[in-house]
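Encoded as structure tokens, the structure appears first; notes follow it.
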Amino acid sequence: MDETLLQQLAWMDYRLAVIFTVMVPIALLIWSFVAKVESMQRLLGIYWKVASLLMVTVYLLIPSWSVGYLTGLLSRILIPIGLWFWIDLNEEIRDQPGSRLKLAFTAWRWAVTVYCALGAIANLPFVGCAFSAAMRQGAYCQVWLEAPSRYQQILHANSAPGFLGFLGIVGLVIYVVYLLTFLLFRLGRQGRIAIEE
């Protein structure tokens, strides 16, 4: 693939991620609080817990740490699961009377699911960047580091990339511990209501 085209696609992906995974869910969360729709608030709370892996990924990619390529792919797999796994919440949302909020929420949920699915498929060829140092140095992998680098320049200009990567690793450890605790202990014992605590 042409390097310029790949660069444009990577930047488009980061822009879409900001829209679909940050801006729209923040607006929906505020709207659901104003409208007092508890089921949407709970599902968006679950979403933010799962989607926090995206921010961890950005911090891991700032110092070009290879694990960031894997967490980026994993986040795109976990987000749709987190949005659709909870049958009780799905039923509560489906049973809500028709409103602009319900329409917007449902449209966003489908849009972010499609975006994540397509993004996961598109990122599969880049998994090799996590395992090959030689491949990681090539333009094919380096293009995915431009947006995290720009993020660092804007928000963390005085911080070393290694320190920000360390914050990413700490976030990843917390994420993995929480996820494993949830999967191994709470989900097995409490089923789909385990997320309530």
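The values are calculated or read from the model by the stated rules, or taken from the named source; none is laboratory data. Only a predicted model underlies this, so the values are computations on that prediction, with no experimental measurement involved. Please note: Cβ atoms are built from the backbone with ideal geometry, for glycine as well, and neighbour counts cover all protein chains shown. Each accessible area value is taken on the protein alone, full model and side chains, heavy atoms only, with ligands, DNA and RNA left out. Shrake-Rupley method; radii C 1.70, N 1.55, O 1.52, S 1.80 Å.
In the range 136-157, what count of residues is obtained for those that are open to solvent by less than 60 Å² (accessible area, probe 1.4 Å) and farther than 17 Å from residue 9 by Cα?
Qualifying residue count for the region: 4.
Could you check the range 73-127 and list, in sequence order, the residues that are more than 21 Å from residue 54 (Cβ to Cβ), among the small types (Gly, Ala, Ser) and without any contact (Cβ under 8 Å) to a residue 60 or more places away in the chain?
The answer is 98, and nothing else.
Sort out which residues of the range 57-68 are on the phi < 0 side of the Ramachandran plot and open to solvent by 20 Å² or more (accessible area, probe 1.4 Å), and write them in order of number.
Residues satisfying the conditions are 58, 59, 63, 65, 66, 67.
Looking at (1) touching a helix residue (DSSP H, G or I) at 6+ places or on another chain (Cβ under 6 Å); (2) within 17 Å of residue 77 (Cβ to Cβ), find the lone condition where residue 122 falls short.
Failing condition for residue 122: (1).
Given the conditions (1) modelled with pLDDT of 95 or more; (2) more than 22 Å from residue 114 (Cβ to Cβ); (3) of a type outside the set (Lys, Arg), which single one is not true for residue 25?
Only one criterion in (1) modelled with pLDDT of 95 or more; (2) more than 22 Å from residue 114 (Cβ to Cβ); (3) of a type outside the set (Lys, Arg) is unmet by residue 25, namely (2).
Restricting to the range 79-103, give me the number of residues that are surrounded by fewer than 16 Cβ atoms within 10 Å (Cβ to Cβ) and part of a helix (DSSP H, G or I).
Selection size over the range 79-103: 9.
Specify which of the listed residues (24, 34, 18) is assigned to a helix (DSSP H, G or I) and closer than 15 Å to residue 76 by Cα.
One residue alone meets the criteria, 18.
Could you tell me which residue of the range 158-174 is least open to solvent (accessible area, probe 1.4 Å), considering only residues that are touching a helix residue (DSSP H, G or I) at 6+ places or on another chain (Cβ under 6 Å) and under 17 Å from residue 75 (Cα atoms)?
Step by step, filter the range 158-174, then rank; the result is 168.
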